[in-house]
Amino acid sequence: MIIQKHSHKHIFLKITIDIVLVVIFWAAAYGSCYYLNTQQIAQIKNQADSSRIITQKAIAAKVAAREAKKKEPVYITLPGAQKIRAIVEDYLLPSSMWAIVSKTHPIPVDYTPASLKIPDVDTNTSKSELERSVRSDIAAPLKTMFDQANAAGYQLMIGSGYRAATLQASYFNSLASSVGEETANQSIARPGQSEHQTGLATDISMTSQQCYLNECFADTSDGQWLVNNSYKYGFVLRYPKGKETITGYQYEPWHFRYVGIDLATALHDSGLTLDEVWSYLETALNTLKSNGAI
Ligand SMILES: [Zn+2]
């Protein structure tokens, strides 16, 4: 009886020990697996995080480089002139301050500047209000130039500023009917080929109308002052003497075009016309476009 009791106890203890061992073994195995899994997950997570950071940094660097390229200044150096910074505009548009409008570079006949105004200077009151207007953004530099001319003792006025293509057509047809189209086209542009349509060109004369739209204006002290000083205010004599075959027009000492002080100064210093430097502007424009600035 005693032996049997002892035997039961012994078996019970053995089973208990076995269970405890199994539990310990299982816990150890599970614990090590759990530890390894956590380690691996953390490692994978770290790798994913660092590769995401690298990708984000690479994208940010590319965006920054592209933005820097867009802002990169583009310069133009005309012969005999200081280098100037190219304005960030599409010069092929008639709204550009550097647009070229000529027999070879016409603009759409329905183009109208976004904003026009009569500048606060003397104007030829026999002309319509529209024709006495210029593009609003050149009214101020025009006034500054006229004020300076006035301070120097000259009395200037605007004869003609903005001209719609329809008005240009009537001027052209009127002259062409008496002298023929070819001769008329030496002094008057066809519709779509006149700078006046951009609102950036003005025909300037003396308030006395002495030598009004006449070559003799070049010999007056007013005309001389203009040709020697207009560039300081952003205006250039667009159809100079001796450049008739390049510009396509007769000498017009009264016709001034606004291009901004930088380009006007470079044109003045180089002695070149807008037609002659157009290739320089085109090159700058293409660079601006490839840089993504336009
Ligand atoms: Zn003109």
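Computed from the coordinates by the stated procedures, all read-outs in this text should not be read as laboratory data. Remember, predicted model here, so these are calculated numbers, not experimental data. Here Cβ is always computed from backbone atoms with ideal geometry, including for glycine, and neighbour counts include all displayed protein chains.
Per residue of the chain, what 222 nm ellipticity follows from adding -39500 (n - 2.57) for every DSSP H run with n ≥ 4, rounded to the nearest 500?
Working: 8 runs with 148 residues, N = 294.
Estimated from H runs of four or more residues: -17000 deg cm²/dmol.
So for the stretch 187-294, averaging the separation of alpha carbon pairs under 8 Å that are six or more residues apart and normalising by length, what relative contact order in percent results? Spell out each step's value before the answer.
On the way: 126 pairs, mean separation 27.1, N = 108.
It rounds to 25 percent for the stretch 187-294.
Taking the highest mean first, how do the peptides 141-150, 261-270 order by number of other beta carbon atoms within 10 angstrom per residue?
Going from most to least packed, we get 261-270, 141-150.
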Degrees between helix 2-71 axis and first principal axis of the chain (Cα, 0 to 90, nearest 10):
10
Check cross-link reach from K127 to the lysines: straight Cα distance under 22 Å, and skip same-chain residues fewer than eight apart.
K117, K143
Once phi is turned into θ = phi - 60°, what whole-Hz ³J(HN,Hα) does the Karplus curve with 6.51, -1.76 and 1.60 give for every residue of the stretch 234-243, x standing for Gly and Pro?
x, 10, 10, 6, 7, 10, x, 5, x, 10
For the chain, find the longest principal axis of its Cα atoms and tell me its angle to the long axis of helix 165-179, 0 to 90°, nearest 10.
30
Rounded, prolate or oblate: which one fits the chain, using the alpha carbon gyration tensor with axes a ≥ b ≥ c (rounded when a/c is under 1.5, else prolate when a/b beats b/c, else oblate)?
prolate
What order, most packed first, do the peptides 119-125, 129-135 have when packing is the mean number of other Cβ atoms within 10 Å of each residue?
129-135, 119-125
Taking Cα atoms, the helix 261-270 axis meets the longest principal axis of the chain at an angle in degrees (rounded to 10) of 60
Output ³J(HN,Hα) for the stretch 224-229: one whole-Hz value per residue in order, computed from phi by the Karplus curve 6.51 cos²θ - 1.76 cosθ + 1.60 with θ = phi - 60°, and x for Gly and Pro.
5, 4, 4, 5, 8, 10
State the Cα centre-to-centre distance between the stretch 138-201 and the stretch 54-130 in whole Å.
21
Qualifying lysines (Cα of each under 26 Å from Cα of K289; at least 8 residues distant if same chain)
K62, K69, K70, K71, K83, K103
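Net charge around G292, counting only other residues with Cβ within less than 14 Å of its Cβ (Lys, Arg = +1; Asp, Glu = -1)?
Details: positive: K62, R66, K69, K70, K71, K289; negative: E67, E72, D90.
That sum, taken over residues with Cβ under 14 Å, equals +3.
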